Amino acid sequence: MPAERVTMRRVREILRYRFEDGLGHKAISYRVGAAPSTVRETLRRAEAAELTWPLGDEITDAVLEAALYRAAGTKTGHRRSVEPDWAYVHRELKRKYVTLQILWDEYIARHRDGYRYSRFCDLYRGWAASLPVTMRQNHAAGDKLFVDYAGDTVTVVVDRLTGKTRQAHLFVAVLGASSLSYAEARWSETLADWIGCHVHALEAFGGAPALFVPDNAKVAVIKACRYDPQVNRSYAAMAAHYDSAVLPTRPRRPRDKAKVEAAVLIVERWLLGRLRHRVFYSLADVNAAISELLADLNERRILRRVGRTRRQLFEEIDRPALRPLPAERYVFAEWRLRRAGLDYHVEMERHYYSVPYRFAREQVEARITANTIELFRKGERIAAHMRSSGNGRHTTVPEHMPSSHRRFADWTIERINREASAIGPNAALLCERILADRPHPEQGFRACLGIIRLVKGFGRERVNAACGRALEIGARTYGSVRSILDNCLDQASAPRPASRDPIDHPNIRGSRYYH
């Protein structure tokens, strides 16, 4: 009865015990858990195949199995089948539309006496099973870009005199098919830095993937859900700009992004381990060092069995499949909800931007970039402005103004004057001057209404006195009146100007001296 067929791992153990330790058949059988006849038959097959110990790197499990058992079930003298390049097969399967059937057709066209299709598939699956878990994931070319932050930070000295330091966070991105990695240091993990790193990564790759795969961090996902996660609006807009989409991983499923988890670990060991003794004085210095080390990392082979570097795999597989970048890079924008006031202006970081007067008191959406403010109502853009500093002033488009003094609800300039006069003469005069100071009187509605409504909290007498104090110091704003009331300055007597007595001194020259 023929000896049982053993696994290639056990074959390697048998050969090692025989040639390194010089053990006999029985001693080896005890150690590997196989019958002595199996050990004897395995060694006989190894001798017939002219195998030497140690086995070289080119002797894969598939090659070893074919060498030992190629004659099993075949006639004597049958020619040995040509071993396919399994690393090439593995790489080609990452390409779109490529299957094992297509690759076998190409193989058998070159080698007529090669493996049959079923044996070809079995040998490939056995070869692929020996790869690490993260390498066995089937990622299509140009399909996914995995993104995450490293757990550790880089220390940067921001003040050489005091030695004050600051921690820089490390962003990592890795393409699924080729494992080409990108890393960048940023001061924070805010939305602006998060999206900025994505833009730089895509420009470094020279193209965009079909999907971005982040975890469920708040900067990327507003509400995590296994079936319908809510992606941050700015993040989704960035992906749409590059004709891509965002596919967050499932909550508490780290294997969904095992590729980037492994890349983060590699980057931490490759970068942080080599940078631990270096002192950096700026974020630019950190990123320059990261770029240099990362280039070396991408030029190293992923695995000897794959036979390619990350850069080579990227050029062969990912680059042709990436989507071309648009002509203009994405400009980071935030979205906020605001309500237009009675004066048809929207407050944004202590500045007021106009919308058409018919949208007064309406809720609008603001899209904020570094240079512009865009205002939307039900998805339609109703206004666009250049961004201004927070100086409390108004930016008004003439077309947004009403052609005449129109009513906003039941408020008019006449009613404001009437309500202010009911408080007292000082309040009436202050509101009159506020309205007169604006390019259009309705731009002063907001300040006047705020002063009138202070009566509910402080009473008419105090508000009127505070308006008088504001007139004395030339402060014609709602904030000044409110500050006077909060600090009870309206109840204090106004300081009198100090009287100037004539100074008599022998060193002081009189008017006659200059005649």
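The values are calculated or read from the model by the stated rules, or taken from the named source; none is laboratory data. Because the structure is a prediction, the values reported are computed rather than measured. Backbone-built Cβ (ideal geometry, glycine too); neighbour counts: all protein chains shown.
Scan region 335-368 for residues that are loosely packed, with under 14 Cβ neighbours inside 10 Å and within 30 Å of Leu211 (Cα to Cα) and report the count.
So the count comes out to 2.
Take the residues in region 211-240 that are at pLDDT 80 or above and in contact with a Phe, Trp or Tyr (Cβ under 7 Å, 6 or more places away or on another chain); name whichever of them is surrounded by the fewest Cβ atoms within 10 Å (Cβ to Cβ).
Taking the candidates together, the pick is Arg233.
Output the residue which, of all residues in region 3-53 that are more than 16 Å from Tyr69 (Cβ to Cβ) and of a type in the set (Val, Ile, Thr), is modelled with the highest pLDDT.
Ile28
Could you check region 321-344 and list, in sequence order, the residues that are touching a residue at least 60 places away in the same chain (Cβ under 8 Å), assigned to a strand (DSSP E or B) and of a type in the set (D, E, K, R)?
Once the filter is applied, which keeps residues that are touching a residue at least 60 places away in the same chain (Cβ under 8 Å), assigned to a strand (DSSP E or B) and of a type in the set (D, E, K, R), region 321-344 yields Arg323, Glu334.
Could you count how many residues in region 264-289 are of a type in the set (Val, Ile, Thr) and either more than 15 Å from Val157 (Cβ to Cβ) or in contact with a helix residue (DSSP H, G or I) (Cβ under 7 Å, 6 or more places away or on another chain) (or both)? Give the steps one after another, and end with the answer.
Here is the first cut: in region 264-289, the residues of a type in the set (Val, Ile, Thr) are 264, 266-267, 279, 286.
Of the ones still in play, those that are also either more than 15 Å from Val157 (Cβ to Cβ) or in contact with a helix residue (DSSP H, G or I) (Cβ under 7 Å, 6 or more places away or on another chain) (or both) are 264, 266-267.
Looking only at that region, the number is 3.
Name the residues in region 369-391 that are surrounded by 12 or more Cβ atoms within 10 Å (Cβ to Cβ) and part of a loop (DSSP other than H, G, I, E, B), would you?
Hits for region 369-391 are Thr369, Arg387, Ser388.
(1) part of a loop (DSSP other than H, G, I, E, B); (2) at pLDDT 80 or above; (3) within 55 Å of the chain's Cα centre (by Cα); (4) small (Gly, Ala, Ser): which one isn't true of Gly56, the others all being true?
Condition not satisfied by Gly56: (2).
From the list Val156, Val133, which residue is within 30 Å of Ala220 (Cα to Cα), hydrophobic (A, V, I, L, M, F, W, C) and at pLDDT 85 or above?
Answer to the selection: Val156.
Kindly indicate the residue of region 151-175 that is closer than 18 Å to Asp285 by Cβ and among the small types (Gly, Ala, Ser) and also farthest from the chain's Cα centre (by Cα) among those meeting that condition.
Gly163
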